Amino acid sequence: QVQLVESGGGLVQAGDSLRPSCAASGRAFSIFNMGWFRQPPGKAREFVAAIKWISGSTYYADSVKDRFTISRNNAKNTLYLEMSSLKPEDAAVYYCAAGSINKRLWAGDEASYWGQGTQVTVSS
C-alpha cells in the first residue's frame with residue numbers, strides 16, 4: 001500500500017510560479033511510475049505530467065509543456081511539480097498518482113494510488 005499526500009497548492013496571480021509536492025509513504029517510493037493529474041472546476045480529471053521509475057523519462061500534456069517540470073527525490077520519497085507562467089486555465093485540484101512500473105500514466109493507464117488533491121487557483 002502507498003499513501004500520497006499533496007501540499008503546496010494555493011492562490012497565485014497569472015504569470016506566477018508554484019511548486020506543489022507529494023509525500024509518499026508505505027511501499028518503496030522509487031519503484032513506481034509517478035504522475036500529476038488535475039481536475040478543473042466542472043471538468044473531468046486530466047493528465048498533466050509523469051515520470052518513469054526506471055529511466056527518469058518525463059512526459060507532459062501539451063498544455064503545460066515548457067511551463068511545468070516534474071521531478072522526484074527518491075531519498076525524500078517526494079514528487080514535485082514546478083509550475084511557472086501560470087494561467088487562469090491552470091486552476092484546478094491537482095492530484096498526485098502512483099502506478100507500478102508497467103503503468104503508463106502518460107498514456108491513459110489507470111494509477112493504482114491517488115492523493116487527496118491540492119487546490120491551485122490562478123487569478124487573472
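The values are calculated or read from the model by the stated rules, or taken from the named source; none is laboratory data. Owing to the predicted nature of the structure, the values given are computational and were not obtained by experimental measurement. Cβ placement follows ideal geometry from the backbone for every residue including glycine, while neighbour counts extend to all protein chains displayed. Side chains included, ligands, DNA and RNA excluded: accessible areas come from the protein's heavy atoms. Shrake-Rupley method; radii C 1.70, N 1.55, O 1.52, S 1.80 Å.
Residues to consider are Ala75, Ala23, Ala61, Ala44; find the one that is under 13 Å from the mean Cα position of the chain (by Cα) and farther than 17 Å from Thr118 by Cβ. Even if it seems obvious, please write down each step before you answer.
Numbers: Ala75 fails: under 13 Å from the mean Cα position of the chain (by Cα); Ala23 fails: farther than 17 Å from Thr118 by Cβ; Ala44 fails: under 13 Å from the mean Cα position of the chain (by Cα).
Answer to the selection: Ala61.
When you check Ala49 against the structure, is it touching a residue at least 12 places away in the same chain (Cβ under 8 Å), at negative phi, small (Gly, Ala, Ser) and assigned to a loop (DSSP other than H, G, I, E, B), yes or no? Don't jump to the end; show me each part of the working.
Numbers: touching a residue at least 12 places away in the same chain (Cβ under 8 Å): yes; at negative phi: yes; small (Gly, Ala, Ser): yes; assigned to a loop (DSSP other than H, G, I, E, B): no.
No; evaluated as a whole, the condition is false for this residue.
Could you check Met83 against (1) touching a residue at least 60 places away in the same chain (Cβ under 8 Å); (2) of a type in the set (A, V, I, L, M); (3) open to solvent by 40 Å² or more (accessible area, probe 1.4 Å) and say which number it fails?
Only one criterion in (1) touching a residue at least 60 places away in the same chain (Cβ under 8 Å); (2) of a type in the set (A, V, I, L, M); (3) open to solvent by 40 Å² or more (accessible area, probe 1.4 Å) is unmet by Met83, namely (3).
Would a scan of the range 71-78 turn up a residue that is under 15 Å from Pro40 (Cα atoms), charged (D, E, K, R) and surrounded by 17 or more Cβ atoms within 10 Å (Cβ to Cβ)? So that I can check it myself, show each step before the final result.
Of the range 71-78, the ones under 15 Å from Pro40 (Cα atoms) are none.
Taking every residue of the range 71-78 in turn, none turns out to be under 15 Å from Pro40 (Cα atoms), charged (D, E, K, R) and surrounded by 17 or more Cβ atoms within 10 Å (Cβ to Cβ).
Would you be able to tell me the number of residues in the range 30-63 that are β-branched (Val, Ile, Thr) and either touching a Phe, Trp or Tyr at 6+ places or on another chain (Cβ under 6 Å) or closer than 20 Å to Gln3 by Cα (or both)?
Keep residues of the range 30-63 that are β-branched (Val, Ile, Thr), which gives 31, 48, 51, 54, 58.
Among the residues that remain, those that are also either touching a Phe, Trp or Tyr at 6+ places or on another chain (Cβ under 6 Å) or closer than 20 Å to Gln3 by Cα (or both) are: 31, 48, 51.
Matching residues across the range 30-63 total 3.
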